[in-house]
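Structure first, then comments.
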Amino acid sequence: MEQADHDAGGMRASIVAALPRLRRFCQAMAGNATDGDDLMQATVERALRRADQFEPGTRLDSWMYRIAQNIHIDGTRAARRRGTAIDVDALHGIAGSDGRETVENRSQLSAAQRALQALPDDQRAVFALVVIEGRSYRDTAEALEVPVGTVMSRLARARARIASCLGETQLAQKDAQP
């Protein structure tokens, strides 16, 4: 029994001697000092609990590096499964999205999509190429095989029609609000 106590004491002393190197390794693995210190603590705890698994004659620091690496890998996998942890107290000062505003924006997007779909095909094509795709009037004219003036007039009519549809939708939404 006395020999086992002496071996455990020697192992503890060797672990303490390896702590500075282990700390640097754990911080490098974790990416920051706080998480690195947590990883180092978990590594030392596991090494002490499983001291009987250490093979005498091998390097203690290498054994502990493997333990740290395994804990880190297990933690990373678990975090991926759980998702990102969020501290609720840290969120207190952060303003969230206004639900009413989100619904209104979605409603406006739906209205814009409906207005676009209501355009005649020739106007919708010009609008899509110029406004959505960002193509020039000349490129659009070449793609659709029409004069540049036709592109300009179709685009003007499409914009006016969409604005009219969206204006009516916005008026209807304002009338519906209490």
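The values are calculated or read from the model by the stated rules, or taken from the named source; none is laboratory data. Only a predicted model underlies this, so the values are computations on that prediction, with no experimental measurement involved. Every residue, glycine among them, receives a Cβ derived from its backbone with ideal geometry; neighbour counts consider all protein chains shown. Surface areas here come from the heavy atoms of the whole protein model, side chains and all, with no ligands, DNA or RNA. Shrake-Rupley method; radii C 1.70, N 1.55, O 1.52, S 1.80 Å.
Residue under question is A156, and the condition is that it be of a type in the set (A, V, I, L, M), part of a helix (DSSP H, G or I) and modelled with pLDDT of 90 or more; does it hold?
Criteria met by A156.
Determine if segment 78-100 includes at least one residue that is modelled with pLDDT of 75 or more, closer than 27 Å to P20 by Cα and not small (G, A, S).
No; the residues of segment 78-100 include none that is modelled with pLDDT of 75 or more, closer than 27 Å to P20 by Cα and not small (G, A, S).
Within segment 104-118, does at least one residue satisfy the condition of being surrounded by 10 or more Cβ atoms within 10 Å (Cβ to Cβ), modelled with pLDDT of 70 or more and not in a helix (DSSP H, G or I)?
no
Considering only segment 119-131, state which residues are in a helix (DSSP H, G or I) and of a type outside the set (D, E).
Q123, R124, A125, V126, F127, A128, L129, V130, V131
Condition check ((1) under 27 Å from G9 (Cα atoms); (2) touching a Gly at 6+ places or on another chain (Cβ under 6 Å); (3) in a helix (DSSP H, G or I); (4) open to solvent by less than 80 Å² (accessible area, probe 1.4 Å)) across all residues:
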| position | (1), (2), (3), (4) |
| --- | --- |
| L22 | yes, no, yes, yes |
| D35 | no, no, yes, yes |
| M40 | yes, no, yes, yes |
| E45 | yes, no, yes, no |
| G57 | yes, no, no, no |
| S62 | yes, no, yes, yes |
| I71 | yes, no, yes, yes |
| G75 | no, no, yes, yes |
| A78 | no, no, yes, yes |
